[in-house]
1. Pick from region 369-386 the residues that are in contact with a helix residue (DSSP H, G or I) (Cβ under 8 Å, 6 or more places away or on another chain) and surrounded by fewer than 23 Cβ atoms within 10 Å (Cβ to Cβ): which of them is nearest to Ala275 (Cα to Cα)?
2. Determine, yes or no, whether Lys245 is in the same structural domain as Gly20 (by the TED database), within 11 Å of the ligand (Cβ to nearest atom) and of a type in the set (D, E, K, R).
3. Taking the stated definitions as given, is Thr91 out of contact with any Leu (no Cβ under 9 Å at 6 or more places or on another chain) and surrounded by fewer than 21 Cβ atoms within 10 Å (Cβ to Cβ)?
4. From the set of residues in region 257-298 that are among the small types (Gly, Ala, Ser) and more than 16 Å from the chain's Cα centre (by Cα), which is nearest to Ala421 (Cα to Cα)?
5. Can you tell me which of (1) free of Cβ contacts under 8 Å to residues at least 60 places away in the same chain; (2) within 17 Å of the chain's Cα centre (by Cα); (3) away from the ligand (no atom under 16 Å from the Cβ) is the one Phe116 doesn't meet?
6. Is one or more of the residues making up region 338-346 touching a residue at least 40 places away in the same chain (Cβ under 8 Å), closer than 21 Å to Ser285 by Cβ and of a type outside the set (Gly, Ala, Ser)?
Amino acid sequence: MQTQPAASHFINGQYVEDTGGEAFDVIYPATGEVIAKMHSATPDIINQALDAARAAQPAWAAMSGTERGRILRRAADMIRERNHDLSILETYDTGKPYQETSVADATSGADALEYFGGLAASLTGEHIALGDGNWVYTIREALGVCVGIGAWNYPTQIACWKGAPALACGNAMVFKPSETTPLSALKMAEILHEAGLPAGLYNVVQGLGDVGAALVVDPRVNKVSLTGSVPTGRKVYAAAAAGMKHVTMELGGKSPLVIFDDANLENAVSGAIMANFYSTGQVCSNGTRVFVQKGIKDAFLKRLSERLDNAVIGDPMDPDTSFGPMVSQRQIDIVDSYIAKGKAEGARLAYGGNRIDQPGFWIQPTVFADVTDDMAIAREEIFGPVMAVLDFEDEAEVMARANDTEFGLAAGVFTNDLTRAHRVAAGFEAGTCYINTYNDAPVEAPFGGVKASGVGRENSKAAIEHYSQVKSVFVRMDDMEAPF
Ligand code: NAD
């Protein structure tokens, strides 16, 4: 497959290169090979993208929602038709197994385009009667130019989760993918334009944090949506606040997964696997603090080890492979350092813990048992395949411990006690909660965090609130009075 794109950026409906920008390599995580060479956006490229977005947006907003939605839905169909090739490219970009990318990346992007494409025609204001025949009506308006900044774990999905609601509401988008995974957003831009999107409405510019920072402070930008870590979120939120810009912040987490001893053991183990090892543990909502009630602990750890033995670790392009490499040298070094910290802090290594000695960024699925709340592996986001298992005695104790974190992205509970399940979900300080399941993220449901994990929601009708604003128009039908 040709992994080198035609150029680094996609602006005003076409590929654009500027070799004056700093060069960087794209690496296939499974082998460490360079698969593309890119250039970071120069100030001129950033200008071109923002000017194109600014120029194209008013005419797009003036189109009917039905017309806008038709283009997004056409793009969704094209993505599904090309799912195989897009999934291979995503596997090259991220190292995630084709077994995953073929069902969770381009397909999820297509779902977002289809969903928001369908919603576009139904975006309306309301009529509010004020008495005496006077009234107010509201108009739901686009924000203008939206900037999307992505993380590297779900590059296609993030490009679409931000682009689809932005475009449905009549905005233009300038998207900056993560420098680690710059390839698939370009494909999304290509497909959207092939589907009929007018030039300038979905632009992709490449680069590191400095390019993101330049976009955030630009006065041509009305909204910023970031998917990234909490430290980056703090910087971007502050910079956006200075310009009084709208924000969506999808940030990191250290989410709790609570397993009571009445839970179905097999389902609980499946939940813990999905909450820790899908995408080689590189999922923001992962339930990496697994609280297991004492009565089920030994059985849980035994069955978990047996199930982990079934992981197929190998060539990500092989459809049988279920566990791939980490995304980068940097990320595997971070994970390694946390494994060393876990050992040094006295946690018991119950599974894995070693690098796999081959080219690329390979590490075993890893489980620590007997973890305590104060350990770094229980407090800090690792963003890799490292599960921390903590013991607990009763519900009140585990709820206090589960919520004792600055993060609040997600939380899960496994139990067969119906009332306890809902009580626990209500008590979690988290934006996204799961009962007897984990890490589902369908486009129909709101997704996002509380506390330091974020601001705003992606997906569902809730996302519309974050990509549009409401104008109130007061109408007086009788004579107007004044004091003098
Ligand atoms: P990161 O914070 O290092 O980078 C995210 C993006 O921000 C990148 O595109 C980067 O270039 C850009 N950036 C960095 N500094 C910037 C600045 N000062 N101004 C503007 N942009 C800047 O995160 P990452 O390592 O790419 O991704 C992993 C993190 O993302 C984890 O913390 C993970 O939990 C989080 N994440 C959250 C979600 C979610 O939906 N909540 C989803 C995926 C990943």
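1. Ranking the qualifying residues of region 369-386, first place goes to Glu381.
2. no
3. no
4. Ala263
5. Failed condition: (1).
6. yes
Residues checked against (1) surrounded by 21 or more Cβ atoms within 10 Å (Cβ to Cβ); (2) touching a strand residue (DSSP E or B) at 6+ places or on another chain (Cβ under 9 Å); (3) among the β-branched types (Val, Ile, Thr); (4) more than 25 Å from Val473 (Cβ to Cβ):
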residue	(1), (2), (3), (4)
Gly125	no, yes, no, no
Gly131	no, no, no, no
Tyr137	no, yes, no, no
Arg140	no, yes, no, no
Gly144	no, yes, no, no
Gly150	yes, yes, no, yes
Tyr154	yes, yes, no, yes
Cys160	yes, no, no, yes
Pro165	yes, yes, no, no
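Let's see how each residue does on (1) farther than 16 Å from Ala166 by Cβ; (2) of a type in the set (D, E, K, R):
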| position | (1), (2) |
| --- | --- |
| Thr3 | yes, no |
| Asn12 | yes, no |
| Phe24 | yes, no |
| Pro29 | yes, no |
| Val34 | yes, no |
| Ile46 | yes, no |
| Gln57 | no, no |
| Arg80 | yes, yes |
| Glu114 | no, yes |
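The values are calculated or read from the model by the stated rules, or taken from the named source; none is laboratory data. Keep in mind that what you see is a predicted model, and the values were worked out from it rather than measured. Glycine also receives a Cβ, built like all others from the backbone with ideal geometry; neighbour counts cover every protein chain displayed.
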